[in-house]
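Peer 1: Structure in structure tokens, see below.
The values are calculated or read from the model by the stated rules, or taken from the named source; none is laboratory data. If you're wondering where the values come from, they're calculated on a predicted model, not measured in any experiment. Ideal geometry is used to build each Cβ from the backbone, glycine not excepted, and the neighbour counts take in all protein chains shown.
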Amino acid sequence: MSRPDAIFYSLAFYAYLAAFGSFIFYVASSKKWLGTLATTFTIIGVTPHTVAFFLRWSVQGHVPLVNMYEYMGMMAWMVMVGLLFYIFRYKNTKIGVFVSPIAVVLLVVASLLPSDVNRQLMPALQSTWLAIHVSMAALGSGAFLISFAASALFLLSFDEKPSKRNDAPRVNWGAFLLFWIVIPVFIGIVVPLIGLFSLGGNPELSSGSKITIFSINLGSDPLYWGRFIIGLGMGMIISSFLWPLAHGKLEAFKGKFQSGSRFFIVHVLAVLVSAIVVGFMNKGGLISLTPRSYFKIFEFFGPVLIISWVMTPIMSALLLGSGENWWRKIGISRPVFEELSTSAVAIGYPLYTIGALFAGAIWAEQAWGTWWSWDPKEVGALIIWLFYTGFLHARHNRQWRGEPAAILIVLGMVMLFVSFFGNYFFGGMHSFEVT
């Protein structure tokens, strides 16, 4: 923490955290001075954040955008600068209550990643196109995150007046129990019974020959539950497809099924929080993932699923059970949420297109002699670009509006994070980013 850039990054983090707290109190009390204080904290945070970027650039001798720690810092910066833009555009300071926590979470996750100063770059990274590629991709991703925040609020809110709404949205806990607990646990039990994956008993002896050496390190003797955890992770993926399909059938059979979109976003937020918790557990040594394993991603999803069993009810109680009209205090109507979300995608799309695809392809040709190599990160960037291209087409040419469009934006954000952390699980030529 003695590095100058780390000190300024810390100042930015605490300023953003103070801004988030001030936004919450402002929404709760509607005292104007709290809104002014929150905006001031946001500006105070952006200032040392910007200073930290240039300090790190000066110390390293190259643009600080060559690893995931630096990339997430740039994303957080874009989120807060975008927040200031929308505050002044819509003349509504309360927007910060759902945008500022994104920057806080990004910096918390960044703290889990290697942050050492790297003065020597490999030859492939010594390119101006790399700086253009990463910076614009990070700025575009930051805009997508703002869009996600607006879409989340859109899904949590509703237009009906309380006097006309005599049937409050329900949460189908039966479906949650079946698809999110029973089915994954069943798959987790079946996988070890049929001996689908080999299990390592000693990481030092078996890491090269065993598929899984996942362990839970609670005592002196680690618990090797790799096959069960992999099964849970696979069950989580399978249920992620089965649950929406079953929900669609119920909706068609019973008519309007009211728990849908609101519980969907609550559940997505719970899974994201659970993923951050698992990241801390891995960094703190409470669990150990298998190095260089094709099934490492399922080892990660397994604990995420278990923690989400607790986190989803908590998030549901906070967001759906703590008063139906809490979001109304923000003072923004659903059409404005939708407009804000779409405009953020419109800002992020050209940045991501030029940065992630075109500049990335030019840099790849200079560094590796090929425009395209089917690297996992390249494939992920292409899928994300095609996804947002399809969204904009559906939005403008097919007139997609409302909840379907908001759900698509949320799914795009999930894809963004899977691609972002994909090199941890799938390797590839972008694996230098994790060091």
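Peer 1: Report, by residue number, each residue of region 1-44 that is among the hydroxyl-bearing types (S, T, Y) and within 23 Å of the chain's Cα centre (by Cα).
Peer 2: Y9, S10, Y14, Y16, T42, listed by residue number.
Peer 1: Right, something else. Taking region 184-240 on its own, how many of its residues are modelled with pLDDT of 80 or more, part of a loop (DSSP other than H, G, I, E, B) and surrounded by 14 or more Cβ atoms within 10 Å (Cβ to Cβ)?
Peer 2: Final tally of qualifying residues: 6.
Peer 1: May I pose another question? Output yes when any residue across region 329-336 is among the polar types (S, T, N, Q) and either part of a helix (DSSP H, G or I) or at pLDDT 90 or above (or both), and no when none is.
Peer 2: no
For (1) of a type in the set (D, E); (2) at pLDDT below 95; (3) part of a helix (DSSP H, G or I); (4) closer than 22 Å to Y69 by Cβ, each residue gets a yes or a no:
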| site | (1), (2), (3), (4) |
| --- | --- |
| D5 | yes, yes, yes, yes |
| A15 | no, no, yes, yes |
| F20 | no, yes, yes, yes |
| F41 | no, no, yes, no |
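Peer 1: Here's another thing I want to ask about it. Restricting to region 85-104, give me the number of residues that are surrounded by fewer than 18 Cβ atoms within 10 Å (Cβ to Cβ) and hydrophobic (A, V, I, L, M, F, W, C).
Peer 2: Number of matching residues: 2.
Peer 1: On to the next question. Quick one: which helices (runs of 4 or more DSSP H) sit completely within region 353-435 and have at least 1 residues that are over 28 Å from A110 (Cβ atoms) and at pLDDT 80 or above?
Peer 2: Hits in region 353-435: 360-368, 376-397, 402-420.
Peer 1: State which residue pairs qualify: first residue closer than 12 Å to S341 by Cβ and inside region 390-401, second residue among the charged types (D, E, K, R) and modelled with pLDDT under 85 in any location, beta carbons under 6 Å apart, and separation of 6 or more residues or different chains.
Peer 2: Within 6 Å, no pair qualifies.
Peer 1: Tell me, yes or no, whether region 65-81 has at least one residue that is more than 22 Å from the chain's Cα centre (by Cα) and either of a type in the set (A, V, I, L, M, F, W, C) or closer than 13 Å to I43 by Cα (or both).
Peer 2: Checked region 65-81: no residue is more than 22 Å from the chain's Cα centre (by Cα) and either of a type in the set (A, V, I, L, M, F, W, C) or closer than 13 Å to I43 by Cα (or both).
Peer 1: Still on this structure: Answer yes or no: is there a residue in region 48-63 that is assigned by TED's automatic domain parsing to the domain that holds Q126, hydrophobic (A, V, I, L, M, F, W, C), closer than 30 Å to L130 by Cα and not in a helix (DSSP H, G or I).
Peer 2: Checked against the condition, which is being assigned by TED's automatic domain parsing to the domain that holds Q126, hydrophobic (A, V, I, L, M, F, W, C), closer than 30 Å to L130 by Cα and not in a helix (DSSP H, G or I), region 48-63 yields at least one hit.
Peer 1: Which of the residues spanning region 87-109 are part of a helix (DSSP H, G or I) and either under 18 Å from K329 (Cβ atoms) or in contact with a Cys (Cβ under 9 Å, 6 or more places away or on another chain) (or both)?
Peer 2: Answer for region 87-109, where residues must be part of a helix (DSSP H, G or I) and either under 18 Å from K329 (Cβ atoms) or in contact with a Cys (Cβ under 9 Å, 6 or more places away or on another chain) (or both): I87, Y90, T93, K94, I95, G96, V97, F98, V99, S100, P101.
Residues checked against (1) assigned to a helix (DSSP H, G or I); (2) among the charged types (D, E, K, R); (3) at pLDDT below 90; (4) not assigned by TED's automatic domain parsing to the domain that holds G412:
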| site | (1), (2), (3), (4) |
| --- | --- |
| A124 | yes, no, yes, no |
| L130 | yes, no, yes, no |
| S135 | yes, no, yes, no |
| G142 | yes, no, no, no |
| L145 | yes, no, no, no |
| L153 | yes, no, yes, no |
| F179 | yes, no, no, yes |
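Peer 1: From the list V27, V66, which residue is crowded, with 17+ Cβ neighbours inside 10 Å, assigned by TED's automatic domain parsing to the domain that holds V97, modelled with pLDDT under 90 and farther than 30 Å from K377 by Cβ?
Peer 2: V27
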